[in-house]
1. Please tell me if residue C:211 is under 19 Å from the mean Cα position of the chain (by Cα) and at negative phi.
2. So residue C:106 passes all but one of these: (1) surrounded by fewer than 22 Cβ atoms within 10 Å (Cβ to Cβ); (2) within 12 Å of another protein chain (Cβ to nearest Cβ). Which condition number does it fail?
3. Quick check: anything in segment C:227-248 modelled with pLDDT under 90, in a strand (DSSP E or B) and closer than 29 Å to residue C:16 by Cα?
4. If the Cβ limit is 7 Å and pairs must be 6+ apart or interchain, which residue in segment B:152-175 that is at the interface with chain A (Cβ under 7 Å from one of its Cβ atoms) and surrounded by fewer than 23 Cβ atoms within 10 Å (Cβ to Cβ) pairs with which residue that is acidic (Asp, Glu) and in a helix (DSSP H, G or I)?
5. Do we find a residue being within 23 Å of residue C:254 (Cα to Cα), surrounded by fewer than 24 Cβ atoms within 10 Å (Cβ to Cβ) and among the small types (Gly, Ala, Ser) anywhere in segment C:202-222?
6. Being closer than 24 Å to residue B:364 by Cβ and either modelled with pLDDT of 90 or more or among the aliphatic types (A, V, I, L, M) (or both) is the filter here, so list the residues in segment B:280-296 that pass it.
7. Can you name the residue in segment A:164-189 that is of a type in the set (S, T, N, Q) and under 18 Å from the mean Cα position of the chain (by Cα) and, of all such residues, is nearest to the other protein chains (Cβ to nearest Cβ)?
8. Can you find a residue that is touching a His at 6+ places or on another chain (Cβ under 9 Å), within 14 Å of chain C (Cβ to nearest Cβ) and closer than 21 Å to residue B:373 by Cβ anywhere in segment B:446-462?
Amino acid sequence: MLFLLFGGSALVTGITMVLFPNPVRSALFLVLNLFCVAVLYLLLNAYFLATVQVIVYAGAIMVLFLFVIMLLNLGTPDRSLDKLRWQQPAAVGIAVVLAALFGAVIYQSVPAGPPASAMMVEAPTLYAPRAEPNPMLTNQISDPNQLRAITPDTMGTVTGIGQSLYNPGEAWLFPFEATSILLLIAVIGSVVLAKRRLPGEDASAAGEREGGTG
Amino acid sequence: MNQSVLTDLQALICPLVVIVLGMIVLLLDLGTGDGPARRRLIYFVSLGGLVAAALLAVANTTIPNAGVGVTPLTHFGGGMVADRFGGLFCIVLCIIAGLAITMSDRYLEEKSLNSGEYYALILFSTSGAMLMALAYDLVNIFVGLEILSVALYILSGFARRERRSEESAVKYFLLGSFASGFLLYGMALIYGAVGIALKNTGLLQPTGTSFTNLGVIARTIQESAETGGAPITASPLFIAGVALLIVGLAFKAAIVPFHSYAPDVYEGAPTPVTAFMSAAAKVGAFAALIRVFGILLPADNASIAQAAVPFHAVLWGLAAATIVVGNVLAIRQTNIKRMLAYSSIAHAGYILVGVLASSVPGASQNAKDAVIYYLFTYTFMNLGAFAMVIWLGRDGGEYTSIADYAGLAKQQPLAAAAMAVFMLSLAGIPPAAGFLAKLYVFTSAVQAGLTGLAVLALVVSVIGVYYYLNIIVAMYFRDPVNDFSSVRAGGARAAALLSAAATLLFGFIPAGVFSPTIQRDQPTAQPILGAAEKSPLPPAVAVVSPQP
Amino acid sequence: MDPQALPWLVPLCPLIGFLINAFAGARLTKSPRPVVETGPLATAVTAAPSQNTGPSDGSQYDMNPAVIASGHDAAPHGATGGHGGHSGHGADVPLDKGGLGIVGGLATALVALGFVLSLMLFQAVQTAADHRVLSSAIQWMQVPSVGGMPALDLSFRLLVDPLSSLMLLIITGVGTLIHLYSMGYMSHDKGYARYFTYLNLFVFFMLLLVMGSNFLVMFVGWEGVGLASYLLIGYFYERKAATDAGKKAFIVNRIGDAALLIALFLIFQFFGTFEFFGAGGVLTEEGIAGALGNGYGSYAFIGTTAAVTLVPLLLFLGAAGKSAQIPLYVWLPDAMEGPTPVSALIHAATMVTGGVYLLARTHALFLMSPLTLTIVAVIGVTTAFLAATIALVQNDIKKVLAYSTVSQLGYMFLACGVGAFGVAMFHVTTHAFFKALLFLGAGSVIHAMDGEQDMRRMGGLRAKLPITFAAMLVGTLAISGFPLLAGFWSKDEILLSAFAGPAQNGLGSPWLWLAGFVVSGMTAFYMMRLMMKTFFGTARYDGATANYLHESPATMTLPLIVLAALSVVGGFLNAPAIGTHYFTDFLGETVGERELNAGGLGTTLLIASAALAIAVLGITFALYNRKKAGELSTDAQKQRNLLWRVLDNKWGVDQNYDRIFVRPGKRGAMYLWRTLDVRVFDGIVNGTAGLVRGLGEGIKGWQSGYVRSYALSMLVGVVLVVVASLIGLGVSLR
C-alpha cells in the first residue's frame, strides 16, 4: 500500500519535474521525487541508503542546484521559435509506448505476491548451503573462510553497507573505488570548462577564430 | 586477505598504471615550472607510462579467456577479470591513447590549451575503456563506461574558446547521458530477472556477489535451463534488459540509429580528441559487447546459444543499417572530419558483423579474433588519418575540406603516401591491413552462416571505396590549391608515419604480428565446450639442422 | 650460427643494400659542391633547387626537371666523361666520387657477403639430414576454412636444398662479379645510386624466388624479379626504346605469370597447401597421393584434359615467360636496351634461369605428365633452333648474344622435357659462367667503342682490347662446345639425354638430338662470326673512336678474367666421360635424376659434337678471315637472299604478334571501352552513384544538428530494438 502511494508519487513528481518549464519548480519537484524514492528505500529495509538519500541528494545537492539556478537567473525558455515542435508529440507518444512496453514486460515477469519484502523474509533459506558445491561458484568467493558480516540483520545498515563497500572480498569495493576516479574526472572537468580565461589567452583566441579552419 | 588484494591489483595492473599515470601527470602539471619544458616532460611521461602499461598488459594475454566452460580467474569479489581478451583490448587502448597523445603536442601548443589536464583526461578515459574490457560485472562495465564517457565529454569541449567544441561537448553529454540511462535501466532489468530466477530455482546466492555479476548470471542461465521450467533467457525481463544493454553500448560504438551524435561531435571536438574517441569509445563498447554476449549468451553452449537467437535479428538489422547509412552518408561529406566520422560509423558496422558472428556456435573464436584484429587495424588507420589532418594543419588551423588536400602529393609526397595508405586500408584494398581485417570478419560471418549479411557488407563497402579514393584522387591528380610547404611536424607526423607503418605491417604479415597473441593458443582458449571449428594447422615441417 | 636463421641472412644482404641505397644513395652521390667542369648541363643541374624535402625512394631523387632535361643517350656515353682527352660526349653530372664508391661498394660488398653466406649454406646443406636447411617460419596470414575450401595458412619460410643452394651460388657469385663490373661500367652515370638500388632489389627478389619454401614466397620473388627487371630494362627512361622494351618485357611476363597464378590456384585446390615439402607438401609423395585422392588425376578441364597435365603445362607457360621460350621469348632481345651488365645479370645468368629452376623444382609434377614433358622438349628445341637462326644474321653485338641466350635456354628446356632436370641445371650453371662472360665482354667492347653496338662498325679490336678479346674467345669456345670447356660438357649431356632420355621414361628421341645437334653447329657459327667481325679483320670505325679506344678498367676486366676461368674449368664439375660426378652427386634426389642408359653411345655422341664444334669454328674462322673489309657482302646483296630476309625479319614473329594479338587487342579494347564500358558499366556505376546520392539526400534529413531530434531518433531506435528482441524471443520459443 505504502509502496503504491510513494511509488506513484515518485512517478508523478518525476514527470512533472520534466514537464515544468520553470527550472526552479522543476528542481523542487526533483526534491520531492528524491523524498519519495527515499521512502521506497525504507520499505526495502535500506535505512542507511534512505537517510543518505535525504541528506545528500535532497539536502546538499539539490540546494546547490537551486543556488546555481537562482544565481544564473534562468527564466522560462522561449519556445515560439522552435521549428521542431512536431517532434514533441511524437516523442511523448514513443515514450508512452516504451513505458507501456516495459510495464508489460515487468508485470509479466515479476512473480505474484509481495515483490520486494518477501525476499527479505525468505532470506535465511537463500543462504542455506547446497548439497554439492558448484565449481563455478567457488571461484566467485575469493576466500571461503573470510569474514562475512552481511546477514539479514546487518543488510541495509551502516555496518552492512560498510562491509560491502570496503571489504576486498566483496564485489562492490572495486566499483566504489573506481567511482572516485569518475569524481576526479568531474572535478577536472569543472575546472577545465569553467575556469576563467587567462589574460594571455584571449588575444590568441580572437586571432584563432578569425583564422579558423580551411 | 592482503595477499588477495595484492593479487587483484596485480591482475588489473594495466588500467591501474594508466590511472596512476593520469594522476602523476596532473601533479606534474601543478608542480613543475611553466613553459615548453614542462609540456615536454608531461608529454614524454605520459607516453612512457603508456608503453609500460602496454607491456604489463602483455602478461595478461597468456591467461585463457573467460567464458562458459573456462573457469575465469576473477578479482575483486568476482567483479573483474584479467584474461587474454581483456589484455589484448588493454594493449589496443594503450596504443590508441599513445597515438592520440603523440599527435597532440603541437596542436595543444598552438591552441594554447593546457596539456596537463588534457593528457590526464585522455589517460583516465583510456582506463575507463580498459575497465570495461576487464569488467566481469555489469556494474563495473557501467562505471568503466562512465569514466570513459565523462572524460570524453570534457575532452570534446576542451577547446572551450571554440563554439563548435563547446557545442559538441554539450551534445555528446546530453545524448550520452540519455544512452547511459538506457544502459543502466537495462542492467536493472537484468538484475531483476536474475534475482527472480534465482529465487524460483532456489539457488543460493553467495554473499558479496551481485545479481549483475556475469559469472552469477552465466550460472543462473545454465542452471535455470537445466532445472527445467522457463529458462531465464526466455524471460521477457531479461531479454528487454539485454536489449537496453545493447542500446547503451551501441551508442558508444556509434551504431545506427544511435550514431547521430557522432558526426557533429567528431567535427566539433579538437581533432586529436576526435581521433581518440573514434577509437577508444568503440573499443571499450565492443569489448563490453563481446564480453556480455560471450557470457550472457554463450555461443559455445548449444543449449544456451538459443538465447542469442532473439538478438540475431536485432544485431543483424543494426549492423546492416550501420554499414549502409555510414557508407551512404560518407559519400556526401565535404568535410574530412565528418567523412571520417561516417566512415567510422561504417566500420563500427563491420565490427558488429564480427560481434554477431561471435554469438554463433562454431564461428565464435574466429569471429572474436577477427574483431580484435579489426580493432587493431582500425586503430592504426583511423587514428593515422586523423593524425594526417593535424599534421597538415598549421598555425592553429586545419584543412578540413577534402578539396583542400588537392595536389598534396606534389608538395608533400611522404604525407600523401601515408594518407593514401590510410585511405586504401580504410577502403579495404589489399596491401593494407584493412583488407585483411574485412576479410577475417566477413569470413567469420560466412562461417557463422551470415552469408547474406557478409554479402551486403561487401557490396556496400564498395561504396566506401568511392569516398576514400576521392581523397587519393584529390591528392594525386588535382592541382594544388593550398600551400603545404610549412606544415605542423612533430608528434602528429610521428603518429601518422607510425600508424602507416603499422597499417602496412599488419597488412603484409598479419599472422606474423599477431601470432604470439591471437593465433597460437586458439585450441586451448575454449577447451571444454570449444565448438570452434578451427581446422588444424598442418604440422610444422621438421626443421633440419646441419650436423657438422 | 643458428641454422634456422642463416637462410634469412642471405636475402637480407641485398635487401639492406637496397634500402640504404634507396634512401641515402641519392644524397651520397650528389656532390656537395658544384663541380668545376663547365658546360650548361653541369650548371643547370647544380643550380636546380632540390624540391624534395627528403627522397623517400630511389625513383624520386632524379625527378628533378633539370636532370631530365639534361638527358643522356646511353650508359657508355655517360661513362665517357671521366676518361681524359675525350670531351664532347656525355653529360658531366656532378657526382661525388667518394659517394659513388660507397654506394657501389656497399651494394657489391653486400652481395659478396651473400655469396659467403651462400657458401656456408652450401656446406650446411651437404651435412644436413635430408639435405635440407629450413629457416624458421614467419606466420604470414591465416584464413579459416570456408565453404569447403581448405584453410589458408601461409608463412614466410626459406628452404635451402642442393637445388636452391646451387642457384644461390650462381646468383650471388655471378651477381657479385657483375656488381663489381658495374662499378666501373656505370661510374659516370648520374643514375648510379638508382642503378645499384635496382640491382640489389633484383638480387633480393631473385634470392626469394629460389629460396622460398612454398609457392607463395617463390611467387613473391617471381613477381619482384619481374618488377626489378622492368625497372632495369627501362633504366634509361629518357629513351623511348628502353621504356618500350621494359613495358614489353613486363607485359609478356604477365602472360606467363597469369598462367602461373592459375597453376597455383589449381595446386591449392588439389593439394590444400603451397608448401613444397614437409607433411603433405606439394612435391612430396604423400602430398601427390593426397591430391590424386582429391581428384587431381581425373579432374576434367576441357573434355578429357586432366589437371595432372594442366598444372605442369601452366607452370611451363609461366616458366616460358620468365625464361623466354616460344611463344613468349620476344621480350628478351628487346630487353637489350638496358645497361649491358643488366643484360648479363638478368638476361643471361639469373632471371631467365628462373623458369628452368621452376621446372626443376616442380619436376615431381612434370614427371606425372609425359604429354607436358614432350611439349616442353619440343618447344625447347624449337626455340633453340629458331633463336639460333635469327642470331646468325644479327649485327648488333648484344642482339646476337640475346638470341644466343634464348637458344641456350631452349637447350635447357629440352633437357627438362626429356626428364633430365639435373642436366638442365648443369647447363644453367655453365651458361651462367660463359654467357655472363660474353655479355660483360660485349659490354667492355661497347664501353671501349663509346656506345657503339653495331658489329659492322667494329673490327680488328683484338690488339686494342687484349684482355677483353682473350676472355671473349674463351667464352665463345665454351658456348660453342669446344672440347673440354664448360659448354662442351653440359651441352653434350643435354644432347645425350635428348637422344636416349633417362632410363625409366625413355622420352628421348634421335630427332630431338638431331635438332639440338644442328643448333649446336649454328651456335658455333654465329659466335665465331661475332668474334671475327668484332676482333678480326680491318677496323671499320671512325677516327674519333679510334682515339678513344681503350681497354676497360680493372673493375671490369677482373670479373672477365674470373668468369673466363670458370668457363674453362666449370665443365669438369660433371664430366661423366672422364669420371667426375660432383654436380650430379650434389644435386642428388632434388631433381629426380635417373641413370642414363647411354652405354657406349655417350662417347660416340661426344666425339660427334666435338668434331662438329671444331669444324664449324674452323670453317667460320677461315671464311671470315679470308674476307677483307670490302668483301663483306653488302646489305643489297643480302636483301636478294630470301633466307636472309626471313631471318633478318626474325621469322616475322614480332610483326605477326602485333598483327594477330596487339592490334586486334587494341581495337577490341577500344570497342569495349566505347560501348561496354562507357555505355553499360559507366551507366550502371553512375546510376548507382545517383541512387546512393539520392538515398543519402533522404537520410541526411536526420542530421539536423538538433540534439532533440537526435534523442528522438535514439528513442525510436530503442523501441525498435526492444520490440525486435521481444518478437525474436517469441519466435525462438515457438
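1. Against the criterion (under 19 Å from the mean Cα position of the chain (by Cα) and at negative phi), residue C:211 qualifies.
2. (2)
3. no
4. So the pair list comes out as B:160/B:166.
5. Among the residues of segment C:202-222, at least one is within 23 Å of residue C:254 (Cα to Cα), surrounded by fewer than 24 Cβ atoms within 10 Å (Cβ to Cβ) and among the small types (Gly, Ala, Ser), which makes the answer yes.
6. Passing the criteria: B:282, B:283, B:284, B:285, B:286, B:287, B:288, B:289, B:290, B:292, B:295, B:296.
7. Filtering segment A:164-189 for residues that are of a type in the set (S, T, N, Q) and under 18 Å from the mean Cα position of the chain (by Cα), the one nearest to the other protein chains (Cβ to nearest Cβ) comes out as A:179.
8. Checked against the condition, which is being touching a His at 6+ places or on another chain (Cβ under 9 Å), within 14 Å of chain C (Cβ to nearest Cβ) and closer than 21 Å to residue B:373 by Cβ, segment B:446-462 yields at least one hit.
The values are calculated or read from the model by the stated rules, or taken from the named source; none is laboratory data. This structure is a prediction, so every number in the text was calculated from the model and none was measured. Backbone-built Cβ (ideal geometry, glycine too); neighbour counts: all protein chains shown.
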